[in-house]
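Structure record follows, encoded as structure tokens.
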Amino acid sequence: MTLEDIKPIELEGVSSKRPIIIAGPCSAETEEQVMATARNLASNGIKIFRAGIWKPRTKPGGFEGIGVEGLEWLKRVKSETGMYVATEVANKAHVEAALNAGVDILWIGARTTANPFAIQEIADAIKGTDSTVLVKNPVNPDLELWIGAMERIYNAGIRHIGAIHRGFSAYGKHLYRNLPQWHIPIELRRRIPNIQIFCDPSHIGGKRELVAPLSQQAMDMGFDGLIVESHCDPDCAWSDKSQQVTPDVLNFILNMLVIRDTTQSTENLSLLRQQIDGIDNELLETLNKRMRVSREIGQYKKEHSMPVLQTGRYDDILKTRIKAAEEMGMSGEFMKTVLQAIHEESVRQQIEVLNNRIK
Ligand code: PEP
Ligand code: MN
């Protein structure tokens, strides 16, 4: 297994009980803004403060971060509130400046994770230190790139490495700023069972009102912690203002979270799971039967020189099955996804028949 000895965040006084909370503004803007936000968060029991000092912006012209000056403010946060501090690093100079200033957790932003050259530069700069590094997923939905970035940090001798799920970019307008694609962090957990995974509901949702439901969803899916953007005056924030909440609103959101932590499986649950296993087997058998018929159709099309793809028929299948699924209480979108996947495999098998590779 890759990343075998990976370890969770270990900071004295920070409980490993779910959820571990990291909170603070998108960007450090002024000393007053940083201190006011930090004091308020600390008084609500938050132990780890986040603030971006260097901000990677999609387009030039936005606020690109206050720079090293802000590191002094983070030092003040540490000494006056006792909180640990975290900031984003994207190159060697950032790593050196942040570590010199005593920053406790370095995080790597989504745009940086997508670039192996930048990650390697960070890994080389960090080598030989006992840093804690959190790696955000890359902007594109590529699990290997995400794991690869963590491996580069790991190969530099760093063991305290965690992952942050902040959603994935998609073209066009959507409910979310970055699509959650939950199956990707879930697959990360399956591949690396002992990795600590944080959810960043602020960057996934892009809107204040989505912070609470996304945080709850992350907890229900077994995430270890949350990294949330919180600002003393969100409407006046210099970056990401529509997704930041005040420390008091954050406190309210956290108090409302329901943490379900019973992992023991009761006898009833195991009976239900047996049923699911049986049904999955039936599903596989049925799918296999369907593929067999589909291959026979392929044979027929071959003998009659017909093309594999017949859009009218496919359209018909989609419409009738989606309608039936909806009548049964399933979502039409879900049924469409299932049918598209089945159809893709069917077409693949028919093409194999056409090319004489299978019978
Ligand atoms: C941030 O945390 O403020 C940030 C820039 O996030 P991301 O890298 O996820 O876009
Ligand atoms: Mn931000």
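What the table shows:
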| read-out | value |
| --- | --- |
| Filter pass, Gly61 being part of a loop (DSSP other than H, G, I, E, B) and away from ligand 1 (no atom under 13 Å from the Cβ) | yes |
| Unique match (being away from ligand 1 (no atom under 16 Å from the Cβ), surrounded by fewer than 17 Cβ atoms within 10 Å (Cβ to Cβ) and modelled with pLDDT of 95 or more) among Glu121, Glu80 | Glu80 |
| Per-region count, region 235-253, residues assigned to a helix (DSSP H, G or I), closer than 15 Å to Arg50 by Cβ and out of contact with any Cys (no Cβ under 9 Å at 6 or more places or on another chain) | 1 |
| Qualifying positions in region 1-20 - hydrophobic (A, V, I, L, M, F, W, C) and either surrounded by fewer than 23 Cβ atoms within 10 Å (Cβ to Cβ) or within 15 Å of ligand 1 (Cβ to nearest atom) (or both) | Met1, Leu3, Ile6, Leu11, Val14, Ile20 |
| Among (1) under 30 Å from Asn194 (Cβ atoms); (2) part of a loop (DSSP other than H, G, I, E, B) - the single one Leu271 does not satisfy | (2) |
| For Thr37: the one exception among (1) within 24 Å of Gly225 (Cα to Cα); (2) within 16 Å of ligand 1 (Cβ to nearest atom); (3) within 24 Å of the chain's Cα centre (by Cα) | (3) |
| Candidate set from region 170-201 (those that are assigned to a loop (DSSP other than H, G, I, E, B) and touching a Phe, Trp or Tyr at 6+ places or on another chain (Cβ under 9 Å)); member that is farthest from Trp107 (Cα to Cα) | Ala170 |
| Pairs with Cβ under 7 Å, 6+ apart, first in region 222-243 and more than 23 Å from Pro8 (Cβ to Cβ) and free of Cβ contacts under 8 Å to residues at least 60 places away in the same chain, second away from ligand 2 (no atom under 15 Å from the Cβ) and polar (S, T, N, Q) | Pro234/Thr246 |
| Options Leu74, Leu99, Leu106: the member that is among the hydrophobic types (A, V, I, L, M, F, W, C), within 21 Å of Asp130 (Cα to Cα), under 27 Å from the mean Cα position of the chain (by Cα) and surrounded by fewer than 18 Cβ atoms within 10 Å (Cβ to Cβ) | Leu99 |
| Residue that is nearest to ligand 1 (Cβ to nearest atom), among those in region 215-226 that are surrounded by fewer than 24 Cβ atoms within 10 Å (Cβ to Cβ) and in a helix (DSSP H, G or I) | Gln217 |
| Residues satisfying the stated conditions in region 223-235, i.e. in contact with a helix residue (DSSP H, G or I) (Cβ under 7 Å, 6 or more places away or on another chain) and of a type outside the set (Asp, Glu) | Leu226, Val228, Ser230, His231, Cys232, Pro234 |
| Some residue of region 227-235 being at positive phi, crowded, with 18+ Cβ neighbours inside 10 Å and more than 13 Å from the chain's Cα centre (by Cα) | no |
| Region 145-169, subset within 16 Å of ligand 2 (Cβ to nearest atom) and outside any loop (DSSP other than H, G, I, E, B), residue farthest from Asp224 (Cα to Cα) | Phe168 |
| Residues (under 22 Å from Asp235 (Cβ atoms) and either of a type in the set (D, E, K, R) or within 9 Å of the chain's Cα centre (by Cα) (or both)) located in region 161-200 | Arg177, Asp200 |
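The values are calculated or read from the model by the stated rules, or taken from the named source; none is laboratory data. Here the structure is a predicted model, which is why all the values come from computation and not from measurement. Here Cβ is always computed from backbone atoms with ideal geometry, including for glycine, and neighbour counts include all displayed protein chains.
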